[in-house]
Amino acid sequence: MQPFFSTDEVHPKTAFRRWREMVCERLAPATLQTDDASHFRGKLAVTNIGTVPISHLAYTSLRTEATADMIRRNGQHSQVYAILRLSGNASYQQGDQEAKTRPGDLVVLDARPTVCMMDANSSLLLNLPRERLENVLGPSRLFSALTISGAL
């Protein structure tokens, strides 16, 4: 993994704003909120395995929301995100499905409105081609925002 961005290199007054801008440009547009922007910390490292982009994210508590309009403008409907929780807890909601994850758990999110609530955490995010996953598992609406326990 190659370091890509860290708030350690940014003044605390602007760290959260810079993090929000970087996430919206690099990963996906979303509304990001934190309880205390002046103490927010985040790091992103990136790599590729073949054509699959992988991101390692670590940050303090955060709430994100991607609306239908944001998703439509982003145009990444051919992708799904697989998120492996390394530390901390998180919940993801898409439609009537909700995943609550702990370290070791996996969740897949597709291009639908999403709300995420995360404690201070670390995770790996894989940007996967939707078609390849759906060829094996069926429509992503059936398995998105469902927790796959690390105990499995």
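A few notes on this one:
- Computed 3J(HN,Hα) for the stretch 26-31, one whole-Hz value per residue from the Karplus formula 6.51 cos²θ - 1.76 cosθ + 1.60 where θ = phi - 60°, is 7, 9, 6, x, 6, 8, glycine and proline marked x.
- Inter-centroid distance (Cα atoms) of the stretch 52-125 relative to the stretch 1-18, Å: 20 Å
- Solvent-accessible area per residue in the chain equals 56 Å², computed with a 1.4 angstrom probe and all protein chains kept.
- Taking the protein heavy atoms of the stretch 101-152 in the context of the full set of protein chains, the accessible area attributed to carbon and sulfur is 62 percent at 1.4 Å.
- Computed from backbone phi, the HN-Hα couplings of the stretch 144-152 come to 6, 6, 10, 6, 10, 5, x, 6, 6 Hz, rounded to whole numbers (Karplus: 6.51 cos²θ - 1.76 cosθ + 1.60, θ = phi - 60°; Gly and Pro given as x).
- Here the dipole of the stretch 16-152 is about 280 debye; that uses its Cα centre as origin and unit charges on the Cβ of Lys and Arg (positive) and Asp and Glu (negative).
- Loop trypsin sites (Lys or Arg not before Pro), the stretch 5-69, which have at most 10 other Cβ atoms in a 10 Å radius of their Cβ (DSSP): none
- Largest mean-square fluctuation among I71, I49, I83, in a Gaussian network model of the chain whose springs join Cα atoms under 10 Å apart, belongs to I49.
- Magnitude of the charge dipole for the stretch 1-80, about its Cα centre and with charges confined to Cβ atoms of Lys, Arg (+1) and Asp, Glu (-1), is about 80 debye.
- Gain upon complete extension [S87, R18; 0.36 nm per residue less C-alpha separation]: 22.5 nm
- Taking each residue as 0.36 nm, the span from R72 to E9 lengthens on full extension beyond its C-alpha to C-alpha distance by 19.4 nm.
- Interchain or long-range residues, amide H under 5 Å from L86's placed H: G104, S122, S123, L124
- Three-way shape label, the stretch 1-108, alpha-carbon gyration tensor, a/c 1.5: rounded
The values are calculated or read from the model by the stated rules, or taken from the named source; none is laboratory data. In this text the structure is predicted, and so the values were computed from the model without any measurement. No Cβ is skipped: glycine too gets one built from the backbone with ideal geometry, and neighbour counts run over all protein chains shown. In case anyone asks, the SASA skips ligands and DNA or RNA and just uses the protein heavy atoms, side chains included. Shrake-Rupley method; radii C 1.70, N 1.55, O 1.52, S 1.80 Å.
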